[in-house]
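Working notes, structure below.
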Amino acid sequence: MLLSVNNLAVSFGGVHALSLSQFSLRDKELRVIIGPNGAGKSTFLDILCGRTKPDTGEVLFNHKPIAGMTEVSIARLGIGRKFQQPSIFPGLTVYDNLLLAAKMKKDILSSLFFRPSQLLKARIHEVAEKIGLTKVLSSIAGALSHGQKQWLEIGIVVLQDPKLLLIDEPAAGMSDEETYKTGELLLELSNNHGIIVIEHDMKFVQQIARERVTVLERGKLLVEGSFNDIRNDQRVIDCYLGRNNTQLENL
């Protein structure tokens, strides 16, 4: 297993934010996590990347315990996080944003004397092609569309060569075309990376959920199964969509 979680729990101000008895992810598996607001989805990713320390529980990444480690230490082990709002350098070109991501793999001293090799330049162009930004490499990042900014940040994370990608609501605010392209990108990336995606857009979930979907409610596992399993599960309809919401019914 790439990731294994057991008896994970964290509370904030006496409120139980997450109480997850078990979760596992295979190498190169793409898992979607859904659930209503406050279900503990982002808290779970925060624990995995080191932003939040759990009160109890075990998190094994590549069989190594990481619960309570710093964000930097966890990133060096191979876990990359992309947040909902893209955090790029808007005043720099797309190419320079990707180049800086490559520099971040080195220590501070090495970065001072860093000169990109031909191999690294080729890698940057390879990632740019994968994320669909080859034609705008010389453009200022701040001028990109919302979807392009999201793809750029995904490229920045990919350049860190993570074994596991954590991606928070990538389709939020995107057009239908951008959403579809993002789904195809994530499916392609899952050929080389384990991926955990938090998402609310059910059409997008249907597009990328080729294996299991995990549903959280109030910090606990509600159900886990294929997209078809969860779309027809009355517990999911009741807790996540509400009895009058037809989002799943129309798929």
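The values are calculated or read from the model by the stated rules, or taken from the named source; none is laboratory data. Remember, it's a predicted structure, so these values are computed and weren't measured experimentally. Virtual Cβ from ideal backbone geometry, glycine too; neighbours counted across all protein chains shown.
Just a few scattered comments:
- Being in a helix (DSSP H, G or I), within 20 Å of the chain's Cα centre (by Cα) and more than 18 Å from residue 198 (Cα to Cα) is a property that does not hold for residue 124.
- Note on the range 68-109: residues that are out of contact with any Leu (no Cβ under 6 Å at 6 or more places or on another chain), assigned to a strand (DSSP E or B) and modelled with pLDDT of 95 or more amount to 1.
- Qualifying residues in the range 48-71 (those that are closer than 19 Å to residue 11 by Cα and touching a Ser or Thr at 6+ places or on another chain (Cβ under 7 Å)) - the one surrounded by the fewest Cβ atoms within 10 Å (Cβ to Cβ): 55
- Answer residue from the range 133-145, given it is surrounded by 13 or more Cβ atoms within 10 Å (Cβ to Cβ) and either of a type in the set (Val, Ile, Thr) or in contact with a Gly (Cβ under 9 Å, 6 or more places away or on another chain) (or both) and is farthest from residue 177 (Cα to Cα) among those: 140
- Pair list, Cβ < 8 Å and 6+ apart or interchain, from the range 12-38 residues that are free of Cβ contacts under 8 Å to residues at least 40 places away in the same chain to residues that are assigned to a strand (DSSP E or B): 24/3; 24/4; 24/5
- Residue within the range 15-23 that is within 24 Å of residue 210 (Cα to Cα), in contact with a helix residue (DSSP H, G or I) (Cβ under 7 Å, 6 or more places away or on another chain), small (Gly, Ala, Ser) and surrounded by 14 or more Cβ atoms within 10 Å (Cβ to Cβ) present: no
- Selection status of residue 214, assigned to a helix (DSSP H, G or I), assigned by TED's automatic domain parsing to the domain that holds residue 1 and at pLDDT 95 or above: no
- Looking at 224, 184, just one residue is over 12 Å from the mean Cα position of the chain (by Cα), modelled with pLDDT of 95 or more, in a helix (DSSP H, G or I) and surrounded by fewer than 20 Cβ atoms within 10 Å (Cβ to Cβ), and that residue is 184.
- Considering the range 37-64, and only residues there that are over 18 Å from the mean Cα position of the chain (by Cα) and either outside the structural domain of residue 218 (by TED's automatic domain parsing) or among the basic types (Lys, Arg) (or both), the residue that is farthest from residue 198 (Cα to Cα) turns out to be 64.
- Criterion violated by residue 117 - all others in (1) loosely packed, with under 13 Cβ neighbours inside 10 Å; (2) assigned by TED's automatic domain parsing to the domain that holds residue 33 satisfied: (2)
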